[in-house]
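Comments concern the structure below.
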Amino acid sequence: MDNSKVKLTIDDREVEVPKDSTILEAALSVGIDIPYFCWHPNLESVGACRMCLVEVEKMPKLVASCVNPVAEGMVVHTNTEKVIKAREKVLEFVLTNHPLDCPTCDKGGECDLQDLTYDHGPMMTRYREDKVRWIVDTHYRFDDLQLGPLIYRNQNRCITCFRCVRITREIFGYSDLGVFGRGSKTHISAPGGEKFLNEFSGNTVEYCPVGALTARNFRYKIRPWLCEQTPTVCPMCGDGCNMTAWSHQRKGHIRNTSRRNDSIDEGMLCDRGRFGSVFSNHPDRIKSPMIKEGDTFREVQWEEALGFIAEGIKKIKSESGPEALGGIASDLVSNEEAYLFSRLMRQGVGTNNLDFRGDRKSLLGAGALKILFEMQKMSVPLEKVASFDTVFVIGTDIASTHPIYTMWLKRGIRKAGLRVLAANSRKLDFGIYSVQNFTYRPGGELALLLGLLKVIVKEKLYSDAGPFRGGQFSRWANSLQKTNYDTIAASCGLSEERISILARALAESENCLFVVGQDLWEGPLGSSCLLAINDLAVLTENNGNPRGGVNLLFDSGNYLGALNWGLTPDYLPARRHREDKVGREKIESLWNCRLPEAEGFDTIKMLEQIRKGNIKGLYLYQSDLLCDFPDWEYIHDCLSKLDLLIVHELFLTETAKMATVILPATSFVETEGTFTNTEGRIQRFQRGAAPSKGVRESWQTLSRLAQKLGAEFVYENPPEIFREMVTLSSDAAGLDYDKLGARGRIVALAERVFEPALYEVEFDSYTSGDSDYPYPLLTGDLVYHLRHLTNYNEDMMLVAPEAHLEISPEDAKSLELKEDDTVRVESARGALEVKVAISKKSPPGVVFLPRNYSDKNVNKLRDREKTLDYVRIAKA
Amino acid sequence: MADLIRILASIFLAIPKGLATTFKHLFRKTITIDYPRKPAKFAPRYRGLHYLTRYPDGEERCVACGLCAIACPSDCIYLEPEENERGERVAKLYEIDEIRCIFCGYCEEACPEEAIRLGWEFEFSQYDRKNFVWTKEMLLENFDKLEKGRAKGFIREKKFQFRAEPETYF
Amino acid sequence: MPEKILFKYIDEPGQDTIKVYMKNGGYTALPKVLKEYTPDQVTDIVKESGLRGRGGAGFPAGVKWSFVPKDSPKPKYLLINADESEPGTFKDRQLLERDPHQLIEGSIIAAYAVQAHTGFIYIRGEFGYGAKQLLRALSEAEEKNFLGKNILGSGYDLTIHLHRGGGAYICGEETALMESIEGRRGLSRVRPPYPAIVGLYGCPTVINNVETLSNVPHIINKGAEWFASMGTRKSTGTKIFSLSGQVKRPGNYELPMGISLRELIYEYGGGIFEDRELKAVIPGGSSTPILTPDKLDVKLDFESVVEAGSMLGSAGVIVMDETTCMVNVAWRLTRFYQHESCGKCTPCREGTYWMLKILERIENGKGESGDVELLLDICNYIEGYTVCPLGDAAVPAVRSTIEHFQEEYDYHIRNKTCMVKGKPVFK
């Protein structure tokens, strides 16, 4: 990179900017305002709108400042008479064919054209001809065309700045929006009558300078000036993009727009975050506490419900001890609520039976979590992802789970020639950007990793001069010899040759980032895979110090926060281990209590104990266990055995219907607090909308319940909780809630620096066929859905309304299935009838069914005792 | 003594002088009206109860743009738009709190569609504060009443002109 | 008749086949170049000859070639612009259809001069026959090893692809042409960077007109001095003038540069149709301002025409006689530019549409006072405000007709009828 600077004069001000910047960037950097429509900092300039014309001395014509690079000694004038006149005329041109339908336009009030016309435009137009009208349907007076389920287009208003098309193509790599026609007939449309639908389509609406593209969820809703805007953070995936929540006094939370944070999202949001996180004003929200009486629920007052719970807990405690109680939270609650819930369970109830992971068949134990914490020290911030030259994505369909992370990868591919290697049991698709796919068989992930290690050791692709010599290393290297390539190839389905190609690419790259999906490290072989990834990173010297790195992906909004702030049985808040004396004493003195000594159970063990009758009371905090847990029958059986099931929820879910007591919770827009994203960045979100009448904020409920249970919880507001909890960690201690600022802060919560070490990994794999049920069933979130939460969002249900079984074209051919055929998917546990989607992402012989639909719950097919579920498919 | 006479004279002269004024007015035209027995007459630009106008084909003019609401100094208008079956923007709710309204007429001025107007009606006292909220249906009904009156010639034309055709809004 | 270069054998039957072309002295320059000259020498020869681009701008071809960076690690490309869509110009079509090998030989030499190994001929979509001829000629040349790997044993490789356009005028503009070849919409790019540095696929690119390249073999064969001896001092060589409009003998005439307009129209064109009075001449294709009869003695070379207030452009001479309505001319040409405006930048997209609407109104007898001033004002804010030259090209038709024939506009507006024909000519 050329870092040299150039000096120029803009409006009699000396400006010093990097050499390759444009005049517009130079002017904006010192706060000189130049109007523009088509320019956007993330896009290549096209110079289409001609709004940014400026006068440069010694140049004969006015120049478009967005495309002209700066030069040493350049003298620029942005407000001479000539420039002002030019802006006026360009606006007059723009307005000639722009309908003045602002009263009916959704953009009215936040429209760039309105603003700029007000500032620079002509008072009157001299245009008296008929305007071009782009009639969609002659029966309609309004010319709106639905491009896709979420986006409306009104071509009359379009000023053809092409921002939408460029954003879709350049930043996100999709070509499902294009420019057609020419001259005054230029129009924006989806090609070939197809739908404009991708997971980033909402950005086109936000960056449309006029009302040509409008969103369905804001269509004729309310005027922007009547809304209150609150800075918030998206909880829909681990990326933690910054958003502005728009809420209205009567209508509640209406929509979200981006809030540019250059460290995370660069002003872009995915549709799941933008549209899917608007669920707070859904009619199914629980509006008051309820107690079950017979088969129905009775609405009660808060104090009665809390009293009932406190008594129930006390009763079980006195009869069977505190170990007979457990609590399961969700990974979508804020850091403060996680901390508070942890404190409630440990101090108020007195048990370590505490977890937040409800959707896995196997969970990482305390030992594996320690490795995970250790490996987190190798992580790199999101904004640096694009600067690597190789990224190895393993065990995740990252385009579905972390859309904005993918945006950074695409940026790297586009700008810096980044090479993305992907190993997953399903293929990755980055649109027009290339990904090298190494598709392994489900269950073969560890085999692949061991294969990679074997190749690197065999071909001596590590640096010999480094620490990799001596007896300890050769012992480690020998441990790899226990498995041979045949076993590996049989398990992962990739030949030795393919594995070698991948291994060489990893070892030979200058700077390689390992991106490890949650499905991998939380899968059945999670802890071994973690060790193998660690070995790979250490062996290829990509351990983040000084080059390379490992990013462990956390799929949901605050998974890492829940992990950090004490929602696992063994780790107390601030990652203090239960048996770590210093930490324990610190917490005890802060909380002014004795912490329970007994070992706690995680979700899976808790359910076993419930089945055995040892646990009698369960507190589910925003955890829809019935729908999430990968064995519907089992969990249903467990939950119905409980004496006391407290469900603290947003919606009346299936789980809530089984509850003894239901407490209403508050969503992220109705409360304030912090989230921790997948990088470990703590970001603050604010309260955007008031909870509906009679609903208490969750932290208030938790505190009041704790008080009823005899613990001294005195918090005025979430910031106070935050201030208390950060004192527990030396790393976070300096954090000031009010100064978390626009960008948030990455907090590692680690006490020591990273020491690279190689671990011996035992080979394991879990692929085994079954003649009755030949197809391994994979499941996960769709890009438009997050578990069952988005079932409560109209937009997302419109985009992806029902479950589709994704099968490969090869399988479809052999089974004689066509798109949208109904099939019966059968496992040993149960059967579902779903429609078929033929997807190139699925490799042959593997099927995928999303877990997001409560009516077609894939967990009814799953068996918790089998690491991999197998199904058979028959035409219905 | 002379002073006393002068004072008395002024007293006795003042009475017929005053009565003369009274008598003079006996023969003049009366200004006051016999309300409520006789209907009151108003200036053409009197600003009374609101109404929402319709197009000649009966369709409501309001597009729920919200400019009246933002122009209103007393914040008495609340409206919510919705989409009708033809994809057009119409008002779902249009509420005016007449007890809060100061009848300034700014809403009328802000309206780009000439949908909200202030009429001549002033007799709308109610027994309950709640009843002072005029909904969209009521406001449209006001207009229909006016139209009926206009057809029968009861109401003098207010000086404004509707734009002729619905299509010319561009 | 003066000496012809390009059209010397144009009427000979079979000149489009390699056999006849070679019989007439074709493909003699190519072996000479490959054996005797280094690429730099070829460039120098062309530079010395003073050959200027025949596409419209008149930029010296040799100088353009020398701009290509020698040490660039990227591949270089040669583009042959056969997208001849300027109204009034039809010279390249004849060259392509009748003598394609002349172009191919010139292209190979040019590619050798800039050391490009891939060339593209971007041919206008409507030239179906020309494309067919070129394809055949290319395969013939390949058979004889004038194209392909290791040309004539020199170790130099060149492949030339033929790309048919989609029928957009703007794709004759070099950057839009590149976009089109790359498979995108034909929208012009912003310059700088210029194509010689960042062109097709981001690589250094030389782009030349068909007529320019067709001249190259002859320059090599007969020498730069010979070529420079023709024409004027600054505009050397011959030029094909496409004479059209109301003349008795329209057609392509290859004449030395610097011939006078009067000579072209009255001597070669045979005078005005039905011996009417000359009213106006567009000297260089539709995008150049019109000339009035008092400029009839202007010499047709790049400099003299500019002095006379117009441009030589691509030398498409359109002659208009006294029966022509100038408002109609402006309307026709504006309609063309409005239709061909790519829609990228605001002034061109909206401005041409606006002008068209106003002209349409004036033509229909609905003109109003002030319309002429408005037209001129729109012209002022289109010219120089657009990304590519299409905006600038749309302006002269309107501006120059107003400049020279404002009384016609006024008559139209005042009397609601046409001054020449007495009634609205357009409905």
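Listing for the model above:
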read-out	value
All positions within segment A:182-211 that are of a type in the set (A, V, I, L, M), away from every other protein chain (no Cβ under 14 Å) and buried (at least 22 other Cβ atoms within 10 Å of the Cβ)	A:Val205
Within segment A:624-741, helices (runs of 4 or more DSSP H) holding 1 or more residues that are closer than 27 Å to A:His248 by Cα and within 27 Å of the chain's Cα centre (by Cα)	A:698-708, A:718-726
Checking C:Phe7 against (1) assigned by TED's automatic domain parsing to the domain that holds C:Ala224; (2) out of contact with any helix residue (DSSP H, G or I) (no Cβ under 7 Å at 6 or more places or on another chain), the condition it does not meet	(1)
Residue match in segment C:372-384 (condition: within 9 Å of another protein chain (Cβ to nearest Cβ), part of a helix (DSSP H, G or I), in contact (Cβ under 8 Å) with a residue 60 or more places away in the chain and more than 16 Å from C:Ser286 (Cβ to Cβ))	no
A:Arg419 basic (Lys, Arg), touching a helix residue (DSSP H, G or I) at 6+ places or on another chain (Cβ under 8 Å) and either surrounded by fewer than 20 Cβ atoms within 10 Å (Cβ to Cβ) or over 19 Å from A:Gly526 (Cβ atoms) (or both)	yes
Residue tally, condition modelled with pLDDT under 90, of a type in the set (A, V, I, L, M, F, W, C) and crowded, with 21+ Cβ neighbours inside 10 Å, over segment A:683-698	2
Whichever residue in segment B:42-59 is charged (D, E, K, R) and either touching a Leu at 6+ places or on another chain (Cβ under 6 Å) or part of a loop (DSSP other than H, G, I, E, B) (or both) and, among such residues, is nearest to B:Glu82 (Cα to Cα)	B:Glu59
Any hit, segment C:44-56, residues being among the acidic types (Asp, Glu) and within 26 Å of C:Glu303 (Cα to Cα)	yes
Some residue of segment B:69-85 being within 11 Å of chain A (Cβ to nearest Cβ), assigned to a loop (DSSP other than H, G, I, E, B), at pLDDT below 90 and within 30 Å of A:Thr138 (Cβ to Cβ)	yes
Selection count, segment A:1-47, where residues are part of a loop (DSSP other than H, G, I, E, B) and not aromatic (Phe, Trp, Tyr)	24
Count of segment A:164-175 residues which are more than 13 Å from A:Phe430 (Cα to Cα) and either polar (S, T, N, Q) or surrounded by fewer than 24 Cβ atoms within 10 Å (Cβ to Cβ) (or both)	3
Candidates A:Asp101, A:Asp143 - the one that is touching a helix residue (DSSP H, G or I) at 6+ places or on another chain (Cβ under 9 Å) and more than 8 Å from every other protein chain (Cβ to nearest Cβ)	A:Asp143
Identity of the residue in segment C:328-371, surrounded by fewer than 21 Cβ atoms within 10 Å (Cβ to Cβ) and at the interface with another protein chain (Cβ under 9 Å from one of its Cβ atoms), that ends up farthest from C:Ile402 (Cα to Cα)	C:His339
Among residues of segment A:424-462, those that are among the basic types (Lys, Arg), touching a residue at least 24 places away in the same chain (Cβ under 8 Å) and farther than 17 Å from A:Ala489 by Cβ, counted	2
Scan of segment A:374-415 for residues that are assigned to a helix (DSSP H, G or I) and of a type in the set (Val, Ile, Thr), ordered by number	A:Val385, A:Ile398, A:Thr401, A:Ile404, A:Thr406, A:Ile413
Criterion violated by B:Tyr127 - all others in (1) part of a loop (DSSP other than H, G, I, E, B); (2) within 14 Å of another protein chain (Cβ to nearest Cβ); (3) out of contact with any Phe, Trp or Tyr (no Cβ under 7 Å at 6 or more places or on another chain) satisfied	(2)
Yes/no for A:Glu25 being acidic (Asp, Glu), touching a Cys at 6+ places or on another chain (Cβ under 9 Å), crowded, with 17+ Cβ neighbours inside 10 Å and farther than 25 Å from A:Cys158 by Cβ	yes
Odd one out for B:Ile96, checked against (1) more than 14 Å from chain A (Cβ to nearest Cβ); (2) buried (at least 19 other Cβ atoms within 10 Å of the Cβ); (3) part of a loop (DSSP other than H, G, I, E, B)	(3)
Residue match in segment C:378-389 (condition: closer than 23 Å to C:Pro293 by Cβ, crowded, with 18+ Cβ neighbours inside 10 Å and in contact with a helix residue (DSSP H, G or I) (Cβ under 7 Å, 6 or more places away or on another chain))	no
Strands (runs of 3 or more DSSP E) contained in segment A:774-871 and holding at least 1 residues surrounded by fewer than 18 Cβ atoms within 10 Å (Cβ to Cβ) and touching a strand residue (DSSP E or B) at 6+ places or on another chain (Cβ under 6 Å)	A:822-826, A:831-838
Filtered residue count, segment C:252-273, keeping only those that are touching a residue at least 40 places away in the same chain (Cβ under 8 Å) and out of contact with any Lys or Arg (no Cβ under 8 Å at 6 or more places or on another chain)	2
Total residues in segment A:351-371, condition of a type outside the set (Asp, Glu) and surrounded by 20 or more Cβ atoms within 10 Å (Cβ to Cβ)	9
From the options C:Arg184, C:Arg249, residue that is outside any strand (DSSP E or B), more than 14 Å from every other protein chain (Cβ to nearest Cβ) and either crowded, with 20+ Cβ neighbours inside 10 Å or basic (Lys, Arg) (or both)	C:Arg249
The one condition in (1) crowded, with 22+ Cβ neighbours inside 10 Å; (2) in a helix (DSSP H, G or I) that A:Leu95 fails to fulfil	(1)
Hey, C:Gly165 in the same structural domain as C:Val210 (by TED's automatic domain parsing) and free of Cβ contacts under 8 Å to residues at least 60 places away in the same chain or not	no
Tally, over segment C:1-20, of residues that are aliphatic (A, V, I, L, M) and in contact (Cβ under 8 Å) with a residue 12 or more places away in the chain	4
Residue within segment C:219-242 that is among the aliphatic types (A, V, I, L, M) and under 26 Å from C:Ile282 (Cβ atoms) present	yes
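Let's see how each residue does on (1) more than 24 Å from C:Val398 (Cα to Cα); (2) touching a strand residue (DSSP E or B) at 6+ places or on another chain (Cβ under 6 Å):
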position: C:Gly270; (1), (2): yes, no
position: C:Lys279; (1), (2): no, yes
position: C:Gly284; (1), (2): no, no
position: C:Pro293; (1), (2): no, yes
position: C:Met311; (1), (2): no, no
position: C:Ile318; (1), (2): no, yes
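The values are calculated or read from the model by the stated rules, or taken from the named source; none is laboratory data. Everything numeric in this text was worked out from a predicted model, so none of it was measured. Every residue, glycine as well, gets a Cβ built from its backbone with ideal geometry; the counts of neighbours run over all protein chains shown.
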